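One structure is given below, encoded as structure tokens.
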Amino acid sequence: MSSNKTFYITTPIYYVNDVPHVGSSSTTIAADVVARFKRLQGRKLLFATGTDENAIKVAEAAQERGQTAQQFVDSIVPTWIETWKRLNITYDDFVRTTESRHRKVTEAVFRKLTEQGDIYKDVYKGWYCVSDETFFRESEVVGGLCPNAECRKPVRWVEEENYFFRLSAYADRLLQHIEEHPDFLGPEFRKNEVVSFIKAGLRDSCITRAAYGWGIPVPDDPEKVIYVWFDALLNYLTVAGYLSDDEKLAEVWPPGVQLMGKDIFVRFHSTLWPAMLMALGLPLPEKLFGHGFWTTEGEKMSKSKGNVFSPVTVAEDLARISGAEFDVAVDAIRYFLMREVTFGLDGDFSMGGLAGRFNADLANDLGNLLNRTLPLLHRYRNGIVPKPDASDPEVKVLESLVTSTADEVADYMDRLQFSEALGAIWTLVGAANRFIEHQAPWKLAKDESCAARLDAVLYAALETVRATAILIQPFMPSVSEIIWGQLGIEEPAAKQTWTDAGTWGKLKPGTQTREPKPIFPRIDMRTITQPPQKEEQVEQISFDEFKKMELRVGTVKSADRVPGADKLLQLTVDLGTEERPVVAGIAQWYSPEDLVGRQIVVVTNLAPATIRGVESRGMLLAADVNGTAVLLQPDKEVPTGSGVR
Ligand SMILES: [Zn+2]
């Protein structure tokens with residue numbers, strides 16, 4: 001493959017009615033990481049993403065809101081575009097399947113395949129799930145419900161004349177292609193799923209539906225619209241200039257990498273899509289990759305659970321709790337999603353996990369390297385890059401590590417092993433930290449005879465920082481830019497190449513570096529024991545104010561309902577030195593007999609109050625769990641009246 005050819009990379013086009021979340025962001029970020037890496041290698045690039053807008057669900061959702069389908073999709077698309085902008089996604093083309101350029105391609109493909117006999121008309125009888133936009137066999141549907149375990153919605157019986165794509169005719173050629181091109185499908189275990197799926201027998205695909213006022217009509221048969229999946233897959237050809245720009249097509253086709261989730265890998269991207277391309281006489285993509293899913297806080301993402309994290313909100317939260325800049329927080333999310341699991345497997349996203357990596361990998365490892373190099377340079381050499389003695393053998397160790405790391409990372413990147421690539425970069429960062437620790441420039445600085453050695457050590461550390469700034473650029477473009485700025489290198493970061501990353505000695509002696517500023521403020525992990533909530537800031541109090549509150553452990557002597565108040569209990573609490581009446585609003589969750597003899601925590605110096613005619617001199621403490629009270633009590637029994645602090 002000539003490297004003059006444009007490298008074409010795609011994300012799936014996202015279903016317009018979804019909201020951008022951690023999962024879709026992870027796909028798009030992965031594509032952006034590859035795109036930025038290829039650009040660093042000097043490749044020309046076409047990076048495309050977009051929205052899938054022709055589904056029946058779209059028309060139905062629009063109707064519910066009293067909008068036309070077009071108004072509805074037009075109102076949602078900006079959210080997608082804005083999200084990608086804020087995550088620093090450098091796509092070249094954003095394709096919408098409602099655009100006329102796409103409709104033209106879809107119609108032309110339909111005509112061409114009909115003329116050559118790959119599309120034919122027949123009666124379709126079977127079940128259809130609107131939610132999944134998928135036809136199911138009679139045998140797959142039990143009790144009238146969708147067989148997709150994640151869906152289980154009622155399916156519709158469809159019996160209508162439709163158009164079919166002759167998918168079955170391509171089964172053998174598909175298997176042959178997969179066998180002859182070991183890199184075509186990834187990861188490996190998903191390739192095996194595809195092979196089994198094809199070997200189980202491919203049926204021809206029903207690729208039209210009765211027209212419902214939305215979607216791309218079948219050419220010369222407006223009673224029908226083209227099945228949303230057949231139409232959606234063609235977006236990749238629309239972007240490539242198929243039938244509109246032959247020169248562009250020749251330059252970009254076939255795609256270098258196409259990324260998608262595992263749910264749309266086997267059935268659509270690894271069988272229907274390549275068969276369509278074979279029918280059109282076009283080369284197949286070099287690589288189709290089906291990645292895993294993200295759960296959040298250990299649970300499957302779903303709107304009803306309220307755990308569908310918007311990546312922009314997460315970045316805002318992270319910036320708030322860490323004090324880092326928003327773009328640094330975005331980079332931390334990009335880092336986390338690419339580092340946390342081997343690309344292709346399922347992962348779990350949580351604020352705790354994100355903050356943990358932020359502290360350990362960014363604030364500690366990378367942050368320490370930065371905080372030890374530039375400030376030392378400023379302290380001992382006025383911030384000016386020294387001229388090193390090139391022959392120092394200990395410095396040579398770091399030099400060869402930088403060179404080999406750049407090669408190693410490039411290999412991982414070509415195989416979409418992002419986590420492993422970052423692991424290799426962090427091995428370099430760790431080695432540089434140990435180098436500084438071992439060489440102890442702060443000791444060398446005390447001895448005038450060690451001046452040359454101090455120069456060599458400082459230079460080697462700075463050179464590693466420079467290389468690291470380029471190596472992390474695909475993953476953390478903003479952080480890379482900030483480091484570059486602090487190094488004071490005249491040539492902009494954007495002009496650097498992957499070769500520069502692996503070439504030792506690019507940092508010019510005499511360069512005046514800038515005042516170093518820490519990039520990753522450490523997160524106080526106590527601030528994220530639970531997912532951050534969008535609430536107003538809690539007012540802070542001083543220790544002296546806290547000390548004014550008197551808390552003691554009491555034992556409940558008696559408990560009775562308060563007549564006429566079904567939420568209140570009237571307690572007598574022994575505080576060791578005295579017994580007090582306390583009224584508590586816990587009758588919905590605790591019965592009086594549950595409480596007698598139990599130790600509780602009481603605020604004892606709250607001003608007395610009369611509640612429903614009953615005196616109360618104290619307040620007991622309970623955890624508020626979504627409005628349910630759960631009483632606090634000591635871990636083990638303690639003397640009644642013990643103070644709490
Ligand atoms: Zn379904």
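The values are calculated or read from the model by the stated rules, or taken from the named source; none is laboratory data. Everything quoted here is computed from the prediction, not taken from an experiment. Every residue, glycine as well, gets a Cβ built from its backbone with ideal geometry; the counts of neighbours run over all protein chains shown. For accessibility, only protein heavy atoms count, side chains too; no ligands or nucleic acids. Shrake-Rupley method; radii C 1.70, N 1.55, O 1.52, S 1.80 Å.
Work out the length of the dipole vector of the chain about its Cα centre, built from +1 on the beta-carbon of each Lys and Arg and -1 on the beta-carbon of each Asp and Glu, and round it to the nearest 20 debye.
So the magnitude is around 780 debye.
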Estimated translational D of region 491-605 in µm²/s (Stokes, Kirkwood radius over Cα pairs; 10 °C; 1.306 mPa s): 76 µm²/s
Cysteines without a disulfide-compatible partner in the chain, using Cβ under 4.7 Å as the rule? 206, 450
Accessible-area order (highest first, 1.4 angstrom probe) of the listed residues 526, 334, 320: 526, 320, 334
For region 237-289, take N as its residue count and report Rg(C-alpha) divided by 2.2 N^0.38 Å. 1.15
Work through the residues other than residue 123 whose Cβ is under 10 Å from its Cβ and net out their charges, Lys, Arg +1 and Asp, Glu -1. -2
With θ taken as phi - 60° and the coefficients 6.51, -1.76 and 1.60, list the Karplus ³J(HN,Hα) couplings across region 543-549 in order, rounded to whole Hz; mark glycine and proline as x. 4, 4, 5, 4, 4, 5, 7
Beyond 18 Å, how much of the Cα-Cα pair distribution for region 599-645 remains, as a whole percent? 43 percent
At 1.4 Å probe size, what's the solvent-accessible area of residue 300? Round to the nearest 10 Å². 100 Å²
With Kirkwood's inverse mean 1/r over C-alpha pairs for Rh, give me the Rg to Rh ratio of the chain, two decimals please. 1.08
Are there any GluC sites (Glu not before Pro) in region 112-178 that are in a DSSP loop and have at most 14 other Cβ atoms within 10 Å? List them by number. 150
The long-range amide H neighbours of residue 161, using H built 1.01 Å from N in the peptide plane and a cut-off of under 5 Å, are 124
Exposure of residue 18 as accessible area (Å², to 10), given a probe of 1.4 Å and all protein chains: 70 Å²
Find how much the distance from residue 543 to residue 525 grows on full extension, using 0.36 nm per residue of separation minus their present alpha carbon separation; answer in nm with one decimal. 4.4 nm
For the chain, what % of the accessible area comes from carbon and sulfur atoms, probe 1.4 Å? 49 percent
Report the per residue volume, in Å³, of the convex hull enclosing the C-alpha atoms of region 48-113. 98 Å³
Report the relative contact order of region 232-294, percent, no decimals, based on alpha-carbon pairs under 8 angstrom and at least 6 residues apart. 40 percent
Debye-sum result for region 167-242 in log10 I(q)/I(0), which assumes one identical scatterer on each alpha carbon, at q = 0.13 Å⁻¹: -0.58
Over region 286-403, what number does the Rg to Rh ratio reach, with both radii from the alpha-carbon atoms and Rh per Kirkwood? 1.13
Rounded to the nearest 500, what is the chain's calculated 222 nm mean residue ellipticity when only DSSP H runs of at least 4 contribute -39500 (n - 2.57) each, over all residues? -12000 deg cm²/dmol
Counting pairs of Cα atoms in region 72-143, how many percent are more than 16 Å apart? 72 percent
Give me the accessible area per residue for region 376-442, probe 1.4 Å, as a whole number in Å². 46 Å²
Could you list, bin by bin from short to long, the percent of Cα-Cα pairs of region 379-521 in 5 Å steps? 2, 10, 19, 23, 22, 14, 7, 3, 1, 0
Just need the relative contact order of region 400-531 here, percent rounded to a whole number, with Cα pairs under 8 Å and 6+ apart. 25 percent
Just to check, using Stokes-Einstein with a Kirkwood Rh over alpha carbon pairs, what's the diffusion coefficient of region 1-102 at 10 °C and 1.306 mPa s in µm²/s? 108 µm²/s
